[in-house]
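The values are calculated or read from the model by the stated rules, or taken from the named source; none is laboratory data. Values in this document were obtained by computation on a predicted structure and should not be read as measured data. We place every Cβ from the backbone using ideal geometry, glycine too, and count neighbours over all the protein chains shown. SASA here: full protein model, heavy atoms, side chains in, ligands and nucleic acids out. Shrake-Rupley method; radii C 1.70, N 1.55, O 1.52, S 1.80 Å.
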Amino acid sequence: MINTAEGLLRDSRTYLRILYLFLAFPLGTLYFTFIITGLSVGFGLAIVIVGFPILVLTLLGWLLFARVERELAIHLLGARVRPMTVPDPVKRTAWQRLLKTLADPVTWKSLVYVTLEFPFGVASFTLATVLLTTSLSLILYPVAYAISTALYQQFPGDAQGTMFPGVTINGNFDVNVFVLFLLFSAVGVVLSVVSLAVLNGMGWLWGRFAEVMLGVDESRMQLASAQAEAQAQQVRAEKADQSRRELIVNASHELRTPVASISAHVESLLKPGRQMDEETRKYLSVVAAETGRLGSLVDDVLSLARADADELRLDVRPVDVPAVIDQVCDALAPLARRDRNLSLIHSSAPGLPQAMADRERLGQAITNLIRNAVNNTPEGGIISVETALAGDRVAITVSDTGIGIEPADLKRIFDRFYRTDESRARDAGGSGLGLAIVRDLVTAMGGSISAESVPGQGSVFQVWLRRAT
Ligand code: ADP
């Protein structure tokens, strides 16, 4: 019991809480006056537009008061109040922020809190004043008696009167009265300890109230921290992804030079007329073919990595599509005829408008499609490329009379590194990246691509580009 009382007296929190109980009165009065005036004037004038800014100002005022109160509750009352808001990952306009604040329960709970502070302040101030002054006067009774008696002896005329019913101050120091007043003093000490306990308890209770009213719920805090954690993880994942992409771009870029150098050296070794035995020539030819394959694989990986890293740097502008296709066909037709006796035909609808594309990349995409057609069409087949207008788009159709694609493969041929079993069995030499690159390029130009096929009869690839005018 004594220990508890001593603890209470020694703890600075007790006095801070009592200080708060005194402060609550003027602060509560200020809040109450401001809010009630603001709300009544604001609503009163809501018909004319000025009422609205007054209401917003009142809202801002009470939120500011609530923040001040939250700080006071933490530092004076020793309450553990959670933050009033949780970080908002979404960027909002001022109007959206206002609506969000109005929909937030903490806003309304804080209004209740700061408004209730007025009656609480009146009660706490009154109680604290009554209890503390009563205790203090009781404690001071013997001191007051001794001083008054002594004063009477010095100034008989000035200091006299009745201090307590039946006790007159007349210069005679009555020990019995003094002892009685000492008892009063003891009662005063007890009362002061009880008062401190009551006031401390009152402050503690109000602090708990602040915890409920001035902070967000525990569940919302947990949700917010989970969201923040998820966001941080996403940022980390994006960073890791970005550095992986950069690594691939840089690595494939660096690989190009040595591969090109090997290729050039092997080609000069294989120059016609150079003396070497048949076996060496055979081995060197394999090295040349495989280096060529490695070179185009590196180029393909680099193209895809650039697309992933948004580094394609396309120059999309109105392009004359038939002219681009003619150029590609001119380059590939001789090879197609020489290797497999294939005919490569190009036809385009008259008066075709220009399409939005990157000229060079479009050429690369069409080259890939025609190469695939050449690689998958048996001797004597036909590969045709048609360009036509389809609504607001320019359609390029590459069809062949080749081996076709099984429906199960058709779904996956645009996947990276996907090759049909047929192509693997023939060791056709591809890496399975060609169509993935075509799709990335076409999509980056704002177009789309699709494929259809009848196994054994042929395949049709269609590219749609936006028309320019
Ligand atoms: P690759 O570089 O290996 O040819 P692609 O991504 O260009 O890779 O093609 C994916 C798969 O689709 C390959 O296995 C290829 O054989 C098949 N393919 C592509 N075009 C045709 C076509 N016109 N006819 C038949 N199969 C095709």
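Tell me the angle of helix 105-154 to the major Cα principal axis of the chain, expressed in degrees between 0 and 90 and rounded to the nearest ten. Its long axis makes an angle of about 30 degrees.
Counting only DSSP H runs of at least 4 residues, each contributing -39500 (n - 2.57), and dividing by the residue count of the chain, the helix-based mean residue ellipticity at 222 nm comes to -23000 deg cm²/dmol.
Counted residue by residue at 0.36 nm each, then reduced by the alpha carbon distance between them, the extension gain from residue 88 to residue 261 reaches 56.8 nm.
If you add up the charges near residue 94, with Lys and Arg at +1 and Asp and Glu at -1, over every other residue whose beta carbon is less than 15 angstrom from its beta carbon, what do you get?
Residues close to residue 94 contribute a combined charge of +3.
Peptides 125-138, 270-283 ranked from most to least packed by the mean count of surrounding Cβ atoms within 10 Å: 125-138, 270-283.
Between residue 50 and residue 173, the simple spin-label model (points 7 angstrom out along Cα→Cβ) gives 7.1 nm.
Rounded to the nearest 20 debye, what is the charge dipole size of the range 354-469 about its Cα centre when +1 sits on each Lys and Arg Cβ and -1 on each Asp and Glu Cβ?
Dipole size: approximately 360 debye.
To the nearest ten degrees, helix 321-340 and the longest principal axis of the Cα atoms of the chain are 50 degrees apart. DSSP beta bridges fully contained in the chain are about 85 percent antiparallel.
Cα centroids of the range 430-455 and the range 244-311: 24 Å apart. Just to confirm the number: angle between the C-alpha axis of helix 278-308 and the first principal axis of the chain, 0 to 90 degrees, nearest 10? Relative to the chain, helix 278-308 is tipped by roughly 40 degrees.
What is the list of residues in the range 385-407 whose amide nitrogen lies under 19 Å from a point 7 angstrom out from the Cα of residue 352, following Cα to Cβ? From the range 385-407, the list is 385-401.
Simple spin-label estimate for residue 225 and residue 197 gives 3.7 nm between the two label positions (7 Å along the Cα-to-Cβ direction from each Cα). Remark: the range 411-421, residue by residue, has Karplus-estimated 3J(HN,Hα) of 5, 10, 5, 8, 6, 5, 6, 8, 10, 6, 4 Hz, where x stands for each Gly or Pro and the curve is 6.51 cos²θ - 1.76 cosθ + 1.60 at θ = phi - 60°. In angstrom, the C-alpha Rg and Dmax of the chain are 45.4, 144. Computed with a 1.4 Å probe over protein heavy atoms only, the accessible surface of the chain comes to 57 Å² per residue.
Efficiency by 1/(1 + (r/R0)^6): what FRET value for residue 244 and residue 285, r their Cβ-Cβ distance, R0 = 35 Å, to the nearest 0.05? Step by step, r from the Cβ atoms, then E = 0.45. For the peptides 72-78, 293-299, the ranking by mean Cβ contacts within 10 Å, running from highest to lowest, is 72-78, 293-299. For residue 406 and residue 232, the difference between the fully extended length at 0.36 nm per residue and the C-alpha to C-alpha distance is 58.2 nm. Normalised by the number of residues in the chain, the average gap of Cα pairs under 8 Å and 6 or more apart makes the relative contact order 12 percent.
Among 308-316, 59-67, 432-440, sorting by the average number of other beta carbon atoms lying within 10 angstrom of each residue, highest first, gives 432-440, 59-67, 308-316.
Here the label points at residue 148 and residue 60, each 7 Å from Cα along the C-beta direction, are separated by 5.7 nm in the simple model. So between residue 33 and residue 134, what do we pick up on full extension, going 0.36 nm a residue minus the alpha carbon distance? Stretched out fully, the residue 33 to residue 134 stretch lengthens by 33.3 nm.
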